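The values are calculated or read from the model by the stated rules, or taken from the named source; none is laboratory data. From a predicted model like this one, the values you see are computed outputs, not experimental measurements. Note that we place each Cβ from the backbone using ideal geometry, even for glycine, and neighbour counts take in every protein chain shown.
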There are 2 protein chains.
Amino acid sequence: MNRRLSDTAPNLPTLADVARVAGVSTATVSRCLNSPAQVQTATRDRVLSAVATLGYSPNFGARALAARRTGIIGAIIPTMENAIFARAIQAFQEELHLSGLTLLVASSSYSPEIEADQIRTLVARGADALLLIGHDRDPGIYDFLAQRGVPVLIAWAYDPTQARASIGFDNRRAMAGLADEVLRLGHRHIGMISALAAGNDRARDRIAGVHDALRGHGLDPATLHLIETPYSIANGAEGMAQLMALPTPPTAVVCGNDVLAVGALQMARQLGLSVPQDVSITGFDDIELATVVDPALTTVHVPHRDMGRAAARLLVDMVGDGVAPTPVCLDTNLCFRGTLAAPKT
Amino acid sequence: MNRRLSDTAPNLPTLADVARVAGVSTATVSRCLNSPAQVQTATRDRVLSAVATLGYSPNFGARALAARRTGIIGAIIPTMENAIFARAIQAFQEELHLSGLTLLVASSSYSPEIEADQIRTLVARGADALLLIGHDRDPGIYDFLAQRGVPVLIAWAYDPTQARASIGFDNRRAMAGLADEVLRLGHRHIGMISALAAGNDRARDRIAGVHDALRGHGLDPATLHLIETPYSIANGAEGMAQLMALPTPPTAVVCGNDVLAVGALQMARQLGLSVPQDVSITGFDDIELATVVDPALTTVHVPHRDMGRAAARLLVDMVGDGVAPTPVCLDTNLCFRGTLAAPKT
């Protein structure tokens, strides 16, 4: 399963090739390209002639020069809001700092186009490696990173069908476990407020998990009343209002994350519904929001800090030895708090 | 009040100076330094000779070459956790994106040393401009940025005694306004849970605001029972426990931000105290946490999104025309919700 990351860019000339052809050290090549005024004219001409002969690309050159030297790790997260990614990224940064690395974070607003731009920007600025969230993206991006020799680690998602380096958790199995508990309590009308599934493998896997649990209880997954909406407290509240306005409202609302669940909880209160007596609500993530609301949310605990720290250690190794680790799956666990109970009879 | 940012680095040779001395266009100078292999040897030698004659610094040169070209804006925030900075930074990024700029964010963990490293890294990677939080930092950092010609905008703090470009709000006056309301209700034993004041001008100003309000009511600022602690829900709870264990516990606890206040609220509940009947608690920021707790927090509303968007527009202008705007002070307002009432008689 392991493979040399550098194998993916076999035919591009390296800094060492330029140095060999010019008969100088790699340090001199580097100096010549970065601070030409500090290099003797004769040496400079020899180096630049070697660059031209080999077709050493300035872009690739910048990257090669930067290898293990910029000390920059890039991370692109879908949003800085709502603390969904904040805790893990903060732990990721603190762990990278222990290795003397600087983390630069970009936020893509859940846009694949913005993410692609940010990937190119970070690579052009010499990022030694990248952390990206989820597997879903244009395959051309993975080709681009492989060609540039930039290691990439996927976080937040574990998918046994994907061989690339990743650290995450089984979103599908975790959500199936929670939905199974909801169904065991006797709920038969289930609603779900999910993030937009397009381009978001975590959201899709969590929906699939609820489907799995329904099937496990002999129910048709098509009976799930699913609302997809961008993650925000206000959207969670709006989704809850829609579900409660149905002719037969669900007795339990499974939310794609805690942010949506907190919005659903606020709306329930606004509608005069008691949670969990009148309706059950569950979250996913176990961010701080989950424990400050009253009643506290029943949710899936994701080991955000552990994931952030472990991701940092994996990336440090990948930059150091160029070896892609096998995918890592972390455990999640169910947190039973105050928002889940049996339906009213 | 307006001044040319470039005035702060009056004696450094510019890219245009090199072009003039070498008798070539600035584009040729740029190409010569970035992609020397693409330039005729004779031209290259003329340019590099001009670089040497003028003492044009490669670092400064890299920066000048990068001007209006990398499209990268750097921002360094103290932490990614707790959503304190998240909402404004997300708005900042979205507004920058409209101008085709890419935001790279670093988080300093409230460490001046880490922040200084990150500033150097972002400048070395060609950041066109920087957003930094608060004025407090080694003056050498401002000199470094001025010398490199990198515009810097300070956010989150408005200080009329600081001439540098900034957008923020008057932390001292805003907190004084809230503390004044607390005192008007008749509270005479006030506790405060603040962030660590060292190196954090926002925290110091908020403490000074409470002192101002006490003086305004003829009370000695020394009577304020002040606890300083890093921002976190757990630390807010711990601070509240300490205050409530005093021989004469405060009847109102003013918190340096909403995160600490939510922790204080949790601890009050744990101690069996009703808020606001037994003790009043106030926050600062009006982040989402403030409205999801029950009772919702009485706090100071800070216009985070407006500040983020306006900061982006200011920085785009600063990069474009090199003019430092006069400091901008945004309005805050008091949000009276459920955690402040008169003391028990």
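Does A:Thr339 fit the bill of being part of a strand (DSSP E or B) and crowded, with 16+ Cβ neighbours inside 10 Å? Criteria not met by A:Thr339.
Looking at segment B:161-190, which of its residues are in a loop (DSSP other than H, G, I, E, B) and closer than 18 Å to B:Asp278 by Cβ?
To start, the set of residues in segment B:161-190 that are in a loop (DSSP other than H, G, I, E, B) comprises B:161-165, B:170, B:185-189.
Matches in segment B:161-190: B:Leu185, B:Gly186, B:His187, B:Arg188, B:His189.
Of the residues in segment A:75-103, how many are at the interface with chain B (Cβ under 8 Å from one of its Cβ atoms), crowded, with 24+ Cβ neighbours inside 10 Å, at pLDDT 90 or above and in contact with a helix residue (DSSP H, G or I) (Cβ under 7 Å, 6 or more places away or on another chain)? Residues that pass the stated criteria total 2. Among the residues of segment A:104-129, those identified as of a type in the set (S, T, N, Q) and either at the interface with another protein chain (Cβ under 7 Å from one of its Cβ atoms) or surrounded by 20 or more Cβ atoms within 10 Å (Cβ to Cβ) (or both) are A:Ser107, A:Ser108, A:Ser109, A:Gln118, A:Thr121. Any residue at all in segment B:36-45 that's facing another protein chain (nearest Cβ under 9 Å) and either at pLDDT 85 or above or in contact with a His (Cβ under 6 Å, 6 or more places away or on another chain) (or both)? No - not one qualifying residue is present in segment B:36-45.
Listed by position, the strands (runs of 3 or more DSSP E) inside segment A:215-316 whose residues that are over 20 Å from A:Phe336 (Cα atoms) and at pLDDT 95 or above number at least 1 are A:225-228.
The residues in segment B:265-305 that are surrounded by fewer than 22 Cβ atoms within 10 Å (Cβ to Cβ), closer than 23 Å to B:Tyr158 by Cβ and in contact with a Lys or Arg (Cβ under 8 Å, 6 or more places away or on another chain) can be counted, and the count is 1.
Of all the residues that make up segment A:149-163, how many are over 11 Å from the mean Cα position of the chain (by Cα) and buried (at least 19 other Cβ atoms within 10 Å of the Cβ)? Write out each step before concluding.
As a first pass, look at segment A:149-163 and keep what is over 11 Å from the mean Cα position of the chain (by Cα): A:149-152, A:159-163.
Filter again for buried (at least 19 other Cβ atoms within 10 Å of the Cβ), leaving A:149-152, A:159.
Total satisfying the criteria: 5.
Checking the conditions here, which among A:Asp331, A:Asp286 is of a type outside the set (Lys, Arg) and without any contact (Cβ under 8 Å) to a residue 60 or more places away in the chain?
So the residue among A:Asp331, A:Asp286 that is of a type outside the set (Lys, Arg) and without any contact (Cβ under 8 Å) to a residue 60 or more places away in the chain is A:Asp286.
A:Pro325 fulfils the conditions (1) modelled with pLDDT of 95 or more; (2) outside any helix (DSSP H, G or I) except for a single criterion, (1). Looking at segment A:192-206, can you tell me whether even one residue there is more than 23 Å from A:Thr79 (Cβ to Cβ) and crowded, with 17+ Cβ neighbours inside 10 Å? Scanning segment A:192-206, I find no residue that is more than 23 Å from A:Thr79 (Cβ to Cβ) and crowded, with 17+ Cβ neighbours inside 10 Å, so the answer is no.
Residue by residue through segment A:147-177, note down the ones that are modelled with pLDDT of 90 or more and in contact with a Ser or Thr (Cβ under 6 Å, 6 or more places away or on another chain). Within segment A:147-177, A:Ile154, A:Phe169, A:Ala174 meet the criteria.
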